[in-house]
1. Quick check on my filter: what residues within region 122-179 are outside any loop (DSSP other than H, G, I, E, B), among the acidic types (Asp, Glu) and loosely packed, with under 14 Cβ neighbours inside 10 Å?
2. Just wondering, is there one or more residues in region 29-36 that are in the same structural domain as residue 187 (by TED's automatic domain parsing), modelled with pLDDT under 85, buried (at least 19 other Cβ atoms within 10 Å of the Cβ) and not in a loop (DSSP other than H, G, I, E, B)?
3. In the list 281, 261, 276, which residue meets the criterion of being within 30 Å of residue 25 (Cβ to Cβ) and in the same structural domain as residue 13 (by TED's automatic domain parsing)?
4. Which of the residues belonging to region 116-129 are at pLDDT 90 or above and either farther than 16 Å from residue 188 by Cβ or over 19 Å from the mean Cα position of the chain (by Cα) (or both)?
5. Restricting to region 1-19, give me the number of residues that are within 13 Å of residue 256 (Cβ to Cβ) and either among the aliphatic types (A, V, I, L, M) or without any contact (Cβ under 8 Å) to a residue 24 or more places away in the chain (or both).
6. Please state which one of 262, 230, 243, 239 is of a type in the set (S, T, N, Q) and either without any contact (Cβ under 8 Å) to a residue 60 or more places away in the chain or more than 28 Å from residue 32 (Cα to Cα) (or both).
7. I'm checking my understanding of the structure. Among residues of region 70-88 that are part of a loop (DSSP other than H, G, I, E, B) and basic (Lys, Arg), which one is farthest from residue 98 (Cα to Cα)?
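The values are calculated or read from the model by the stated rules, or taken from the named source; none is laboratory data. Just so we're clear, the structure is a prediction, and the values are computed from it rather than from any experiment. Here the Cβ positions follow ideal geometry from the backbone for every residue, glycine too, while neighbour counts run over all protein chains shown.
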Amino acid sequence: MASLKELKGRINSVKSTQKITKAKQMVAAAKLRKAQAAAEAARPYAERLSAVMASLASKVIGRDGAPKLLAGTGKDQKHLLVVANSDKGLAGAFNSNIVRAALARASELKAQGKSVEFYLVGRKGRAPIRRAYPDNIAQMFDTTEVREPGYAEAERIVEDLTAMYEAGRFDVAHLFFSTFKSALAQIPTEQQIIPVPAVEGAEASHAAVEYEPDEEEILAELLPRYLKTQIFGALLENQASEQGASMTAMDNATRNAGELIQKLTIQYNRSRQAAITTELIEIIAGAEAL
């Protein structure tokens, strides 16, 4: 049985931890409001850009001059999995859920005889993926030098991906991130980004519209912008999801610490009462002996 001093030290230690988790919860709650607003504000732009691109793509798909980002390489043998994680922990299962979805997809592609490589964004997803596929890491994008990954980082990621695509490093690229629903719900999401998939439900415009320059030139400019928007949106969704998961995890940790403090306090009081009772018995026994 632990001594009274050990129990007292353990109680103080848990109380200190509880203060940290409570402070972390409040910080995450404050950051969540800003991150959620940014993620929700970016969604309409991404959706509208997708609709515009689908309208243009419907006019050029199948043509010889269709951009490679839209038409693809004609093969689907080499796959690149772009896994977007955060650089910080203490966010519950936020990072592990994204990694688990990426690893499941990699196993599925491997079973189909496809080759798989990873493009890793953020530090937290590196270790488990490198353990599972040590020789399949194509590139790692570091975000530790920035406070919050933004559009500039999305541009650099797209530059890397397009350069790898033009070099024939992969045929299909899949993006893995977490879609923010609420502080309690973050959904691991997979999205094909290269070649750009046709937008479901989009209908070609039959109006007599003449484009200047032609559709191919417009798409050549629009497709990289579309990719940047998708990557940027994924980073914003990740930031909101991370703060929501962190707030929930720290709230659970704070409540668990409170329950542990209560149990240790009861154990401390019982041990203290037993020690006092033992001392009284010894005093009474000594008095009677005299």
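1. First, pick out the residues of region 122-179 that are outside any loop (DSSP other than H, G, I, E, B): 126-132, 137-141, 151-166, 172-179.
Right, trim to among the acidic types (Asp, Glu) and you get 153, 155, 159-160, 166.
Passing the criteria: 159, 166.
2. No, every residue in region 29-36 fails to be in the same structural domain as residue 187 (by TED's automatic domain parsing), modelled with pLDDT under 85, buried (at least 19 other Cβ atoms within 10 Å of the Cβ) and not in a loop (DSSP other than H, G, I, E, B).
3. Details: 281 fails: within 30 Å of residue 25 (Cβ to Cβ); 276 fails: within 30 Å of residue 25 (Cβ to Cβ).
Result: 261 is the single residue among 281, 261, 276 that is within 30 Å of residue 25 (Cβ to Cβ) and in the same structural domain as residue 13 (by TED's automatic domain parsing).
4. Selection gives 116, 117, 119.
5. 1
6. Going through 262, 230, 243, 239 in turn, just one is of a type in the set (S, T, N, Q) and either without any contact (Cβ under 8 Å) to a residue 60 or more places away in the chain or more than 28 Å from residue 32 (Cα to Cα) (or both): 262.
7. Here is the first cut: in region 70-88, the residues part of a loop (DSSP other than H, G, I, E, B) are 72-77, 85-88.
With the extra rule that they be basic (Lys, Arg), the set shrinks to 75, 88.
Values: 75: 26, 88: 14 Å.
So, considering only residues that are part of a loop (DSSP other than H, G, I, E, B) and basic (Lys, Arg), the one farthest from residue 98 (Cα to Cα) is 75.
Conditions (1) within 23 Å of residue 153 (Cα to Cα); (2) over 29 Å from the mean Cα position of the chain (by Cα), marked per residue:
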| residue | (1), (2) |
| --- | --- |
| 236 | yes, no |
| 241 | yes, no |
| 244 | yes, no |
| 248 | no, no |
| 256 | no, no |
| 266 | no, yes |
| 274 | no, yes |
